[in-house]
1. Return only the number of the condition from (1) in contact with a Ser or Thr (Cβ under 6 Å, 6 or more places away or on another chain); (2) open to solvent by 10 Å² or more (accessible area, probe 1.4 Å); (3) under 30 Å from B:Gly212 (Cβ atoms) that A:Leu159 does not satisfy.
2. Looking at (1) at pLDDT below 95; (2) in contact with a helix residue (DSSP H, G or I) (Cβ under 9 Å, 6 or more places away or on another chain); (3) away from chain A (no Cβ under 14 Å), which is the one condition that is false for B:Asn135?
3. Determine, yes or no, whether D:Phe235 is more than 14 Å from chain B (Cβ to nearest Cβ), touching a Phe, Trp or Tyr at 6+ places or on another chain (Cβ under 7 Å) and open to solvent by less than 30 Å² (accessible area, probe 1.4 Å).
4. Which numbered condition trips up D:Ala176, out of (1) under 18 Å from the mean Cα position of the chain (by Cα); (2) small (Gly, Ala, Ser); (3) assigned to a helix (DSSP H, G or I)?
5. Is it the case that the stretch C:79-94 has a residue that's on the phi > 0 side of the Ramachandran plot, in contact with a strand residue (DSSP E or B) (Cβ under 8 Å, 6 or more places away or on another chain), open to solvent by less than 20 Å² (accessible area, probe 1.4 Å) and more than 16 Å from ligand 6 (Cβ to nearest atom)?
6. Residue pairs, Cβ under 6 Å, 6 or more apart or interchain, first in the stretch A:119-135 and within 11 Å of A:Leu96 (Cβ to Cβ) and open to solvent by 30 Å² or more (accessible area, probe 1.4 Å), second modelled with pLDDT under 95 and part of a loop (DSSP other than H, G, I, E, B). List them.
7. So the check is Cβ under 9 Å with 6+ separation or different chains; which pairs have a first residue in the stretch D:218-233 that's within 16 Å of ligand 3 (Cβ to nearest atom) and a second one that's among the charged types (D, E, K, R) and modelled with pLDDT under 95?
8. When the residues of the stretch D:192-230 are filtered to those that are farther than 18 Å from D:Thr119 by Cα and at the interface with chain B (Cβ under 8 Å from one of its Cβ atoms), which remaining residue is nearest to ligand 5 (Cβ to nearest atom)?
Amino acid sequence: MTNVDLHVKIGSLTIKNPVMPASGTFSEDLANVFDISRLGAVVTKSVVPDARLGNPSPRAAETAAGMLNAVGIQSKGVDAFIAHTIPFYRNFDVPLVVSISAETADRFAEMAGRLTLNGVSALEVNISCPNLEDNGRSYAMDPAQTERVVTAVRRTTPLPLIVKLTPNTNDIVDVALAAESAGADAVLIANTFLAMAIDIETRRPKLGNIMGGLSGPAIKPIVLRMVYQAARRLHVPVIGCGGICSAEDALEYLIAGATAVQVGTYTFVQPSGMLDIIDGIERYAERHGVTQIGDLVNTVDVSQCVSL
Amino acid sequence: MTNVDLHVKIGSLTIKNPVMPASGTFSEDLANVFDISRLGAVVTKSVVPDARLGNPSPRAAETAAGMLNAVGIQSKGVDAFIAHTIPFYRNFDVPLVVSISAETADRFAEMAGRLTLNGVSALEVNISCPNLEDNGRSYAMDPAQTERVVTAVRRTTPLPLIVKLTPNTNDIVDVALAAESAGADAVLIANTFLAMAIDIETRRPKLGNIMGGLSGPAIKPIVLRMVYQAARRLHVPVIGCGGICSAEDALEYLIAGATAVQVGTYTFVQPSGMLDIIDGIERYAERHGVTQIGDLVNTVDVSQCVSL
Amino acid sequence: MKQVLGRVLQNEWVNERYKHMVVYAPEVAAACMPGQFFHIRCDDQFTPLLRRPMSIYQYNADYGEVHFLYSVKGNGTTLLAEKKIDDLVDLFGPLGKGFQLDPHWRSILVVARGVGLATLAPLTRLAAKHGIQTHAILSARTAEDVLSRAYMEANGAYVNVVTDADGSSDMHHVEALLHNLIKETPIDALFTCGSRRLTNLLRRVALEHKLPGQVALEENMGCAIGMCFCCVKPFLKDGKQVNLRVCADGPVFDLQEVMEA
Amino acid sequence: MKQVLGRVLQNEWVNERYKHMVVYAPEVAAACMPGQFFHIRCDDQFTPLLRRPMSIYQYNADYGEVHFLYSVKGNGTTLLAEKKIDDLVDLFGPLGKGFQLDPHWRSILVVARGVGLATLAPLTRLAAKHGIQTHAILSARTAEDVLSRAYMEANGAYVNVVTDADGSSDMHHVEALLHNLIKETPIDALFTCGSRRLTNLLRRVALEHKLPGQVALEENMGCAIGMCFCCVKPFLKDGKQVNLRVCADGPVFDLQEVMEA
Ligand SMILES: Cc1cc2nc3c(=O)[nH]c(=O)nc-3n(C[C@H](O)[C@H](O)[C@H](O)COP(=O)(O)OP(=O)(O)OC[C@H]3O[C@@H](n4cnc5c(N)ncnc54)[C@H](O)[C@@H]3O)c2cc1C
Ligand SMILES: Cc1cc2nc3c(=O)[nH]c(=O)nc-3n(C[C@H](O)[C@H](O)[C@H](O)COP(=O)(O)OP(=O)(O)OC[C@H]3O[C@@H](n4cnc5c(N)ncnc54)[C@H](O)[C@@H]3O)c2cc1C
Ligand SMILES: Cc1cc2nc3c(=O)[nH]c(=O)nc-3n(C[C@H](O)[C@H](O)[C@H](O)COP(=O)(O)O)c2cc1C
Ligand SMILES: Cc1cc2nc3c(=O)[nH]c(=O)nc-3n(C[C@H](O)[C@H](O)[C@H](O)COP(=O)(O)O)c2cc1C
Ligand code: FES
Ligand code: FES
């Protein structure tokens, strides 16, 4: 169609364009809406070792330019996942990224080992979900914990590892460096912000779980800043995720330093929005004479700025 | 006018209603728009020891339901402040809260001492401004640093101390507890989130300072969560600040545990918006049979929720 | 399911709180079933960010029309209410599993209140097509608030109206009415929507009379197509709790399996 | 300064990119001065969140009218462009310090391009009131794009049009034109707006001819009344850099003090 080469590399995995869905906001169902093989990759909802019910309802609430969710991880467990989900994606010509989550490093490693299967192109290690740990804490809040769990996972699989970080930390760069040094092939910035909303008439939290994760356009400027800070320091690719709702948003992330992006909440707003984003990136690249999309990554021009 | 008593106490200071402006979003100029003595208190832009130019322009950019600013602290210094600003407010029947900022604990303490003056009702200790410290770091990212600076300030002034925290931390509760144990009369949650935006056509950051602080409705759910977490653990009052644009928003904060609130960005949207918020709080209290507004504080009902 | 930009043909107040919107959207009008819904984007800005689920109130494949009957309550529905004739409205659907009618049934009993009146109205028409008689108990604050009465009657339903105004909407009275109707006519199945109290009542009555029943539920939604698990409610299947998605496993569920109502 | 809800009397395209909006707002129309601006809320949602600064293009105290001439470029101005007659628009103003005219002057020279045409138009009228003759150089892409020509001429200005289309807007050509005009007529002061290149040029010319000058600047704004220091630009006062607020210390500044242009 055009002269722009949109391929990017995430470790040993090459994907045909830098746009993929965010874990938990995508499933087989979207194949009913558009041809999902047009995506750079597909990413599953985080799968956990055993079947889980997830959190009580209500699980979603809306905020200004954002949404809260406290789905937790409702999952049929890894066995059902291997039996049903992986085979489904064999019908599509698109790399499958499987997001995994667990409550101990050992179980993380065990999951990674079991999921090192034909048809799985990469693993996304979700050490950041704010709903699973005590008081919203997670591995990815702390560099040492991050290093520990990524090291364990690295031992059990040769698949490319994408480590998904939490934005609920005061030093994203240290955590990202810890993930990198433990063997991550890419870091994904970021999961949702721990947040809350209250119904003032009933005085009850709007989520059954009291707190939940904030996603959507509201968070974009914060996550973009984190991607910028991390990309400056890491050698492995950074994948950006937070509030992307347009090609312009995705391009902001690429320019800030992301090699690829994930789109979450926007798919709820525009079910086929990811395709528009891919097309828009391509048009921008053409207009700006960018022949390989990777040439755009990390090109933010701060020469006229005073550094903070 | 009504039967609702809106007074609240911040340490030894009693204010006539729980609504005040946020530092940096208010100045003498607003007295041209409405009668500022209707506010619970007025709060000055953070004043620093010596005159400063602040950051390069552009200093502001807009984001989804939010804004970025990297004003830095443009200030005429504390001498000019004492000579001109404090006398101005003597004409108004409203408590004056002076926000102070400095780059070392000693200078913080020195400023607090100098500003312990007739006409100053409380000091707000801004240890959270993300623009002043290296790579966006600030005292309030760390409990030990917070304790150190608040202890120093506490020694030089008997005025009520409101310690303003940053949301750029992974444990707001520890930092708040540190401020409390060092002698804070209240903690103010929170300042802005370190964030960024890029113009994709020029590939330059939208702020002259590269990064800046995100404020406005976008951040409300995150800050509200922090207020909720801190209020559960502290004995001193929590003041909530982040994205408040309506009486409903202010009430959400009170119910979550804030004794008072500050309004920042919304004053740019509706210059007299704080008055509508005060009126709306009063109407809600009347409708709900709340006679003393303090009775609403910390009344969030989590009995039907599963705790995170 | 499709995402289409429909054109507003009508958007009028039917009483103080409800509006009736007719959208020209031939690409989707033909696929609608009673009990299904559309996920509607109320504005192209990000406040509100999410779409709003709205039941299909009426649909007409020949005219390419989809109708909604909605209560104007918050940000999203207020923006919907502002739409003028010829404005475009972004519809995604039809979504979810609708009501199931067994062709052997001869008559069904429908009990509705509030927005449930919108959801259950098209069921009457489908029932009529299958030669099934609808008996309806429509509950509202006042007689004027009973929105779908004319539409249901035009489709052959026998309608009983109960109101808060004359006290007849009281649960005891409705229960008595239900028992009476079931005694007098050979009711084959019960249908209801939304309200927790009505659902509880109907479940009890259904159990007592050993009748099957279906209920359309509501829950805050994210994706509306089964991906995000935001909209789940707890159900009882074979004695065990399962969390089912209102958008994809419902919004219509077996009355006996509902737990939370 | 006041915050008022004005009523839109007119909102029409004047060329491909610009619209002319007339708002009925008698509470503020009487207080307007050329060079001042209003801070306008384009929508009552939070996207966009902030108000947008817009120069006063014309004002008429007798009719209670305030006019804006705006280029439709982003989210805020697109929403403004959607306003229909009788819609309300939330104005805060008039704000800032306008142009200063010395009653002893006999003629002024105005050089404008783009939105500067809106900002400088009312100056001509005020000058005329004071018996001061305006000479204007209006620059645009094409002759049709020169928006305020008729309005300025109606207020007695001598207008020179330069365009990109015929190459006459080239800086060298404009500079020559300036020198010529100043030689031929007794110009007392220079005025311009916005464009960096024009400002630089005018500053040089003003210095050379020892003429005073004023320039209206633009910067992203928060509060627009001097509180937040978001809108500052660097200026040279007595040889030292100071950061002045475009909203409160300007938007009109002494041409010689501008640093960044
Ligand atoms: C399957 C289904 C069918 C529905 N059909 C109808 C109908 O035909 N007519 C009608 O008037 N209403 C119907 N509703 C309810 C309707 O979706 C809500 O009234 C609407 O979303 C409120 O939006 P708002 O912005 O005006 O209100 P707000 O209260 O401002 O909404 C805030 C948030 O809460 C969510 N929300 C609020 N109430 C509900 C609710 N009852 N269900 C789901 N989410 C909610 C909104 O989606 C939004 O995210 C239906 C709901 C569902 C789930
Ligand atoms: C004192 C003053 C007077 C002005 N007068 C006029 C006028 O008469 N006619 C006219 O067409 N324009 C005028 N402008 C510029 C006008 O304010 C911007 O074009 C407008 O804000 C763009 O808004 P947007 O949402 O359409 O664009 P966007 O590009 O979507 O705006 C994004 C953000 O950038 C800010 N922004 C973008 N451009 C400017 C700018 N040039 N100045 C300040 N902020 C900007 C917006 O306020 C907003 O926060 C004036 C600006 C100032 C400061
Ligand atoms: C409803 C919902 C469910 C989510 N579930 C998961 C999950 O299971 N695992 C995970 O790593 N992230 C999960 N996320 C986080 C997203 O993958 C993504 O990181 C976040 O939403 C930010 O991106 P966005 O702003 O584009 O939505 C979920 C997000 C939402 C909104
Ligand atoms: C333009 C601007 C300048 C600010 N300057 C200061 C400051 O000098 N000192 C300070 O403590 N906080 C400052 N803040 C932060 C606000 O006081 C407030 O904490 C923040 O904006 C969040 O509240 P909001 O969402 O209501 O705006 C500033 C905020 C803005 C928008
Ligand atoms: S709304 Fe996403 S699964 Fe139902
Ligand atoms: S915009 Fe706030 S000082 Fe100018």
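The values are calculated or read from the model by the stated rules, or taken from the named source; none is laboratory data. Quick caveat: nothing in here was measured; it's all calculated off a predicted structure. Neighbour counts run over all protein chains shown; Cβ positions are idealised from the backbone, glycine included. Heavy atoms of the whole protein, side chains included, go into the accessibility calculation; ligands, DNA and RNA do not. Shrake-Rupley method; radii C 1.70, N 1.55, O 1.52, S 1.80 Å.
1. Exception for A:Leu159: condition (3).
2. (3)
3. no
4. With respect to (1) under 18 Å from the mean Cα position of the chain (by Cα); (2) small (Gly, Ala, Ser); (3) assigned to a helix (DSSP H, G or I), D:Ala176 is out only on (1).
5. yes
6. Close Cβ pairs satisfying both conditions: A:Gly119/A:Arg90.
7. No pair meets every condition.
8. The qualifying residue nearest to ligand 5 (Cβ to nearest atom) is D:Gly222.
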